[in-house]
Amino acid sequence: MKLVSYKLKGKPGSFRVGFMLGEKVIDLQEAYCQLLLSRQETDLSNRIENVLPSDPTHFFAAGNQVIDNAKEAYIYAKTNSTEGFSLNQEEILLSTPIPVPAKIICVGKNYAEHAVEMQSDVPEFPVLFAKFSNALIGPEDVIEKRNVTQKLDYEAELTVVIGKEASQVKKEDALDYIAGYTIGNDISARDLQKRTPQWLQGKTLDKSTPVGPWIVTADEVGDPGNLSIRSTVNGEERQSSNTNKLIFDIPFLIEFISNLITLKPGDIILTGTPNGVGMAMDPPRFLKDGDVVQIEVEKIGKLKNKVMGRY
């Protein structure tokens, strides 16, 4: 199931949770209401928001239980009429699936070839840093390139969404704590990132980090350790790899992070980028106004954003 955050174009209102059914977006709460009505359950007003929050951040913060409820609605919608709550994609605007996650944890230098191209040793332990929600944008937003940086770079990343509280998790159990997966583009201002030992200032600029276009539930992805991942800029392939080349795989990362930080439902982890970034090219090729960056991850989809200068 592909879960999205959407709203109607040109109309007031908040983003709501929906799911993809073919090429259409189905409102999740409306589908679930129809499911309950089919079961002759009519006392919905006091139940639906608790069982299935419409706000995307609240929905994913509620964890795997609400995702199980969402799957019921999805199964129902596949075999019943969705008239009245089915929307064409041109009618809607998609946001990043979780607009305000409590934690955005990123992993640096997690592909050996990327570490080498950045003239760095292969790390002995995961290199962790953070982003904040001010940086997040959705699949229909532009990546803002501000005059504070002249070296804006792309990074294709498989992104993990946590589905239940995780503290001191063992790696053999780690996949049970995942709600789903999405795509991240860890846009980096290399000149800001490299001017101090700490990377934060180059990693979390306003409106710089696309995540989306949806979250694919973990049951549909299966093994996250063998997914092709690639990026293009203006149609030219820049990165092409596979998550089987991660230095620290996803179960290890969840074990490692959860022994330091309690992970909560709705937290996201950007797991690292393969080689082929613009900074490592000869000469370096950084993003410029008008460039179009597309990230593709097997079993998840494509995330495409345009770069726009802000001066």
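Odds and ends about this structure:
- Electrostatic tally near Gly222: other residues with Cβ closer than 13 Å to its Cβ, Lys and Arg +1, Asp and Glu -1, net -3.
- Whether region 1-100 is rounded, prolate or oblate, judged on the alpha carbon gyration tensor where a/c under 1.5 counts as rounded: oblate
- Under a model in which nothing but the beta-carbon of Lys, Arg (+1) and Asp, Glu (-1) is charged, the chain shows a dipole of about 860 debye around its Cα centre.
- When the square roots of the Cα gyration tensor eigenvalues are ordered a ≥ b ≥ c, the ratio a/c for region 16-73 is 1.5 or more and a/b does not exceed b/c, which makes its shape oblate.
- Percent RCO, i.e. relative contact order, over the chain, from Cα pairs under 8 Å lying at least 6 residues apart: 23 percent
- Of Ala179, Ile269, Ser120, farthest towards positive along the dipole that unit charges on Lys, Arg, Asp, Glu beta carbons give the chain: Ser120
- Lys, Arg +1 and Asp, Glu -1 on Cβ, resulting dipole of region 74-232 about Cα centre, debye, nearest 20: 640 debye
- For the chain, built as a Gaussian network whose Cα springs stay under 10 Å, the top-fluctuating residue of Pro284, Pro213, Pro97: Pro284
- In terms of the mean number of neighbouring beta-carbon atoms within 10 Å, the peptides 300-309, 230-239 order highest first as 300-309, 230-239.
- Cα-only Debye scattering, region 130-217: base-10 log of I(q)/I(0) at q = 0.13, 0.16, 0.19 Å⁻¹: -0.51, -0.71, -0.89
- Gaussian network model of the chain, Cα within-10 Å springs - most flexible of Ile92, Ile105, Ile229: Ile92
- Dipole of the chain, positive direction: furthest Cα of Val148, Ile257, Gln40, with charges on the beta-carbon: Val148
- Most fluctuating residue given options Lys71, Lys145, Lys194, as computed from a GNM of the chain linking Cα atoms under 10 Å: Lys194
- Carbon-plus-sulfur accessible fraction, the chain (probe radius 1.4 Å, protein heavy atoms only): 47%.
- Radius 10 Å from Cβ of Val107, net charge of other residues (Lys, Arg +1; Asp, Glu -1): -1
- The charge dipole of region 1-93, taken about its Cα centre with unit charges on the Cβ atoms of Lys, Arg (+1), Asp and Glu (-1) only, comes to about 180 debye.
- Heavy-atom accessible area per residue - the chain, 1.4 Å, Å²: 44 Å²
- Pairs from Lys24/Lys304; Lys9/Lys164; Lys171/Lys245; Lys2/Lys245; Lys11/Lys131; Lys78/Lys264 whose Cα-Cα separation, in the structure shown, is over 22 Å: Lys9/Lys164; Lys2/Lys245; Lys11/Lys131; Lys78/Lys264
The values are calculated or read from the model by the stated rules, or taken from the named source; none is laboratory data. The structure presented is a predicted model; accordingly, all values stated were derived computationally and were not measured. Cβ atoms come from the backbone with ideal geometry, glycine included; neighbour counts cover every protein chain shown. Calculation scope for accessible area: heavy atoms of the full protein, side chains included, ligands and nucleic acids excluded. Shrake-Rupley method; radii C 1.70, N 1.55, O 1.52, S 1.80 Å.
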